[in-house]
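Notes follow the structure.
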Amino acid sequence: MTETPERKVLPPTAAETSPDNPWPLQLLSQKLKSHIEKAPPAWVEAQIIELNKRANVSYLTLRDVDAEVSLSVTVWGSVLGRLEVPLERGSRVVAQLKPDFWLKTGRLSMQGQDIRPVGAGDLLARIEQLRQALAAEGLFDVRRKKRLPLLPHKIGLITGRNSDAMKDVTRNASLRWPAVEFEVREVPVQGVNAVSGVLAALAELDADPQVDVIVIARGGGSLEDLLPFSHEQLVRAVSAATTPVVSAIGHEADRPLLDEVADLRASTPTDAAKRIVPDVSEELRRVEQARTQLNRRIEDLLGREAERLIHLRSRPVLANPAVMITVRHDDVTALGARAQNAVLTQVRRHGDQLQHLRAQVRALSPQKTLDRGYSVVQLADKSIVRDPAQAPAGTPLAIRVAAGTLAAVAAAQEATATDSQTVQTAPAKDLQ
C-alpha cells in the first residue's frame, strides 16, 4: 500500500506566504477578483480623448480635466444606446465606473455602468456657482483692483505658442509705442495642462521686478476651451498677484471668471494692446496741443501784465513819487506833535497829583502836630509816657517839641481827681 503525499496547508493571508509555502497563482487572482468586486461604483468627471466603437461594445479613454491622468473604460452598447446625443472625442462626461478584474489574464479594466455628457448648461451653472462664491469672498471687489502704469516699460505676456493672440498684442503695442518691451511665456491655453502652465508663467512674471503689467491673452474659443480661465486656482492666483493683470481672452458671450478678477478686462488681445500702452502719435499730438495752449496762456498773461504796468505808471504817485514821501512826512510831524502834547499833559496832570499827595502827607505827619505846640514825653529807654504812673517823681524825662528835645525831671503834683502825678514844664522858650 503506497502512501499519499501530505497536502500542504496554504496560508490564509498574503502576508503569511513564504518561499517555502507560496500561494498558487490561481488563488491570488481569485482573491484579487473578490477584493476588487467589493469596491462600489464611483461617479467621475473626465474628457473623452479616444473612442472606439465595436459591434456591441465601445472602448473609451478618459482623461482628467485638470491633470495628465487617463483611464481605459469599456462601455456596453446598451449604456450608450440610452444617450440622446452620441458621444464624440473631446466631450466632457460624468461616468459611473466599476472596476473589473479578468481572472484568466489578470487584467484590470473599468466598466462604464452609466455615462452622461456634461452640457454647456451644466458647465455654466458650475461657473456661476463658483462666481457667486468668489464674489462673496470679495475677490471681484473693485477696490482690490490695481491701477495700470501709465507707460509700462516691459509687458509680461502669457499666451499660446505662436498664437494669433500673441501676434496681435505685440504688433499693436509696438505700433503704438515702439520702445515697449515684452517678456513672453508660451503655454497651453486649453486642455489639461492649461491651468498649470498659466499658473507657472504667472508666478514667474509676477516675481520679475522689471515686468510692469501682465497680459493673459487667448483668441476666443468654445466654452469648453475657455474652462481653464474659470478655474478657481487660477482666479485666486491672479487675485493674489502683486503685478497688475489684464485679461484678454476675447470671448464676449460667456465671460470667464478671469475677466472678473483681473485688474483690467480687454475684449480682445488687440484691445488689450491699445489699453495698456499709449499711442505715441496721439501723445505727441496732445503734447503739441498742450504746448500751444501753454504758449497762448503765457502770451495772454504777458499782455495783461503789460497793460497793468502801463496803468500803474499813469497813476499820480508814480508820476511824482516825492508826493508820497511828502504826505507821509507831514503825517509823521503831526503825529509827533500830538504825541509830545499828550506826554506834557500827562506830566502836568501827574505833577499836580504829586503836589496834592505831598500836602496830605505833610498835614498828617507827626512834625505838623509838634509844630502846633504839642510835645512827646519819653523815658530814658525812649518809650513814650502815656500815663503819669509811668514817671514817678524824680524820673528823668526827654521832652520832644517841634524844634528839638528838652531834658526834664518828673515832680510831685497835687492830687487830682485821678490821684495822678504830672510833670511841670515851662514853655519851650523858657526851658532853653
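The values are calculated or read from the model by the stated rules, or taken from the named source; none is laboratory data. Note that this is a predicted model, so its numbers are computed, not measured. Note: ideal-geometry Cβ built from the backbone for every residue, glycine included; neighbour counts use all protein chains shown.
Out of all the residues in the stretch 99-114, which are touching a residue at least 60 places away in the same chain (Cβ under 8 Å) and among the aromatic types (Phe, Trp, Tyr)?
PHE101
In the stretch 63-83, which residues are surrounded by 13 or more Cβ atoms within 10 Å (Cβ to Cβ), under 18 Å from VAL195 (Cβ atoms) and hydrophobic (A, V, I, L, M, F, W, C)?
Once the filter is applied, which keeps residues that are surrounded by 13 or more Cβ atoms within 10 Å (Cβ to Cβ), under 18 Å from VAL195 (Cβ atoms) and hydrophobic (A, V, I, L, M, F, W, C), the stretch 63-83 yields only VAL65.
Which fully enclosed strands (runs of 3 or more DSSP E) of the stretch 161-270 have 2 or more residues being surrounded by fewer than 18 Cβ atoms within 10 Å (Cβ to Cβ)?
Where strands (runs of 3 or more DSSP E) fall fully within the stretch 161-270 and carry at least 2 residues being surrounded by fewer than 18 Cβ atoms within 10 Å (Cβ to Cβ), they are 181-186.
Pick out the one residue from GLY138, GLY112, GLY106 that is of a type outside the set (Phe, Trp, Tyr) and not assigned by TED's automatic domain parsing to the domain that holds ALA67. Walk me through how you get there before you give the answer.
On the way: GLY112 fails: not assigned by TED's automatic domain parsing to the domain that holds ALA67; GLY106 fails: not assigned by TED's automatic domain parsing to the domain that holds ALA67.
One residue alone meets the criteria, GLY138.
Name the one entry in ALA15, ALA39 that is more than 58 Å from the chain's Cα centre (by Cα), loosely packed, with under 13 Cβ neighbours inside 10 Å and either of a type in the set (A, V, I, L, M, F, W, C) or closer than 30 Å to LEU123 by Cβ (or both). Break it down stepwise before answering.
Working: ALA39 fails: more than 58 Å from the chain's Cα centre (by Cα).
Answer to the selection: ALA15.
Scan the stretch 37-78 residue by residue and report those that are touching a residue at least 60 places away in the same chain (Cβ under 8 Å) and among the basic types (Lys, Arg).
ARG63
Tally the residues that are surrounded by 17 or more Cβ atoms within 10 Å (Cβ to Cβ) and either more than 28 Å from the chain's Cα centre (by Cα) or assigned by TED's automatic domain parsing to the domain that holds SER58 (or both), restricting the search to the stretch 118-134. Explain how you work it out, then say what you get.
Taking the stretch 118-134 first, the residues surrounded by 17 or more Cβ atoms within 10 Å (Cβ to Cβ) are 118, 123, 127, 131, 134.
Filter once more, so that each one left must be either more than 28 Å from the chain's Cα centre (by Cα) or assigned by TED's automatic domain parsing to the domain that holds SER58 (or both): 118, 123, 127.
Within the stretch 118-134, residues that are surrounded by 17 or more Cβ atoms within 10 Å (Cβ to Cβ) and either more than 28 Å from the chain's Cα centre (by Cα) or assigned by TED's automatic domain parsing to the domain that holds SER58 (or both) number 3.
Check whether at least one residue in the stretch 97-107 is modelled with pLDDT of 90 or more, surrounded by 13 or more Cβ atoms within 10 Å (Cβ to Cβ) and touching a Gly at 6+ places or on another chain (Cβ under 7 Å), and report yes or no.
Among the residues of the stretch 97-107, at least one is modelled with pLDDT of 90 or more, surrounded by 13 or more Cβ atoms within 10 Å (Cβ to Cβ) and touching a Gly at 6+ places or on another chain (Cβ under 7 Å), which makes the answer yes.
Is one or more of the residues making up the stretch 135-148 assigned to a helix (DSSP H, G or I), surrounded by 12 or more Cβ atoms within 10 Å (Cβ to Cβ), in contact (Cβ under 8 Å) with a residue 60 or more places away in the chain and out of contact with any Leu (no Cβ under 7 Å at 6 or more places or on another chain)? Quick ask: steps written out before the conclusion?
Step one: of the stretch 135-148, the residues assigned to a helix (DSSP H, G or I) are 135-137, 142-144.
If we keep only those that are surrounded by 12 or more Cβ atoms within 10 Å (Cβ to Cβ) too, we end up with 135.
From what is left, the residues that are in contact (Cβ under 8 Å) with a residue 60 or more places away in the chain are 135.
Then keep just the ones that are out of contact with any Leu (no Cβ under 7 Å at 6 or more places or on another chain); that gives 135.
Checked the stretch 135-148: at least one residue is assigned to a helix (DSSP H, G or I), surrounded by 12 or more Cβ atoms within 10 Å (Cβ to Cβ), in contact (Cβ under 8 Å) with a residue 60 or more places away in the chain and out of contact with any Leu (no Cβ under 7 Å at 6 or more places or on another chain).
If you check ILE48, ILE36, which single one turns out to be touching an Asp or Glu at 6+ places or on another chain (Cβ under 8 Å) and assigned to a helix (DSSP H, G or I)?
Working: ILE48 fails: assigned to a helix (DSSP H, G or I).
Matching residue, one of ILE48, ILE36: ILE36.
Among the residues of the stretch 171-192, are any more than 18 Å from PRO269 (Cα to Cα), touching a residue at least 24 places away in the same chain (Cβ under 8 Å) and within 32 Å of the chain's Cα centre (by Cα)?
No; the residues of the stretch 171-192 include none that is more than 18 Å from PRO269 (Cα to Cα), touching a residue at least 24 places away in the same chain (Cβ under 8 Å) and within 32 Å of the chain's Cα centre (by Cα).
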